[in-house]
Amino acid sequence: QAQLVESGGGSVQAGGSLRLSCAASEWPYKSACVSWFRQAPGKERERVASTYIGINTPSYDDSVRGRFTISQDSAKKTVFLQMNSLQPEDTGVYYCAAGTICRPDPGEYSHWGQGTQVTVSS
């Protein structure tokens, strides 16, 4: 029932910034965990950031900590991922996902968006 839609992807040069949005028709759980994942070709899908809806407790993968910021707008039912100092290694399809608990395993999430492409050139 709950639908998630990502937007904001695009192509940037190394050092540039992008702001991704994950808009939900509704959150599937009370205090749902919303995480951003990314997947590069031939790579496993990896979690890069998480937050609980209504709770300011962001967490980040070591690879993006200090560069990415996850935030939310409860009124708009939207979670954002501000990505700064982007590097070619950040290239991939970015997905938002919702589940009950913020864990790094993609299998723990019940709802997924369709993804948005992020390409960082050198």
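The values are calculated or read from the model by the stated rules, or taken from the named source; none is laboratory data. What you see is a predicted model, and the numbers here were worked out from it, not measured in a lab. FYI the Cβ positions are ideal-geometry reconstructions off the backbone, even for glycines, and counts take in every protein chain you see. What goes into the accessible areas is simple: the full protein's heavy atoms, side chains included, and nothing from ligands, DNA or RNA. Shrake-Rupley method; radii C 1.70, N 1.55, O 1.52, S 1.80 Å.
Worth a mention:
- In a fully extended conformation the segment linking SER17 and SER85 would gain 23.9 nm over its present Cα-Cα distance, using 0.36 nm per residue.
- Values of log10 I(q)/I(0) for the stretch 1-55 across q = 0.15, 0.19, 0.31 Å⁻¹ run -0.57, -0.85, -1.29, by the Debye formula with one identical scatterer at each alpha carbon and no solvent.
- Of the solvent-accessible surface of the chain, computed with a 1.4 Å probe over protein heavy atoms with every protein chain present, carbon and sulfur atoms account for 46 percent.
- Gyration tensor (alpha-carbon) shape descriptor, the stretch 18-90, a/c threshold 1.5: prolate
- Projected area, mean over directions - the chain, Cα convex hull, nm²: 6.7 nm²
- Low-density loop cleavage sites - trypsin sites (Lys or Arg not before Pro) in the stretch 39-70, where at most 13 other Cβ are within 10 Å (DSSP): LYS43, ARG65
- Antiparallel %, DSSP beta bridges [both residues in the chain], to 5: 90 percent
- Eligible lysines near LYS30 by straight Cα distance, threshold 21 Å, same-chain separation 8 or greater: LYS76, LYS77
- The chain: relative contact order as a whole-number percent, Cα under 8 Å and 6+ apart: 36 percent
- Using a probe of 1.4 angstrom and keeping all protein chains present, the accessible surface of the chain works out to 52 square angstrom per residue.
- Heavy-atom accessible area order for TYR109, TYR29, largest first, 1.4 Å probe: TYR29, TYR109
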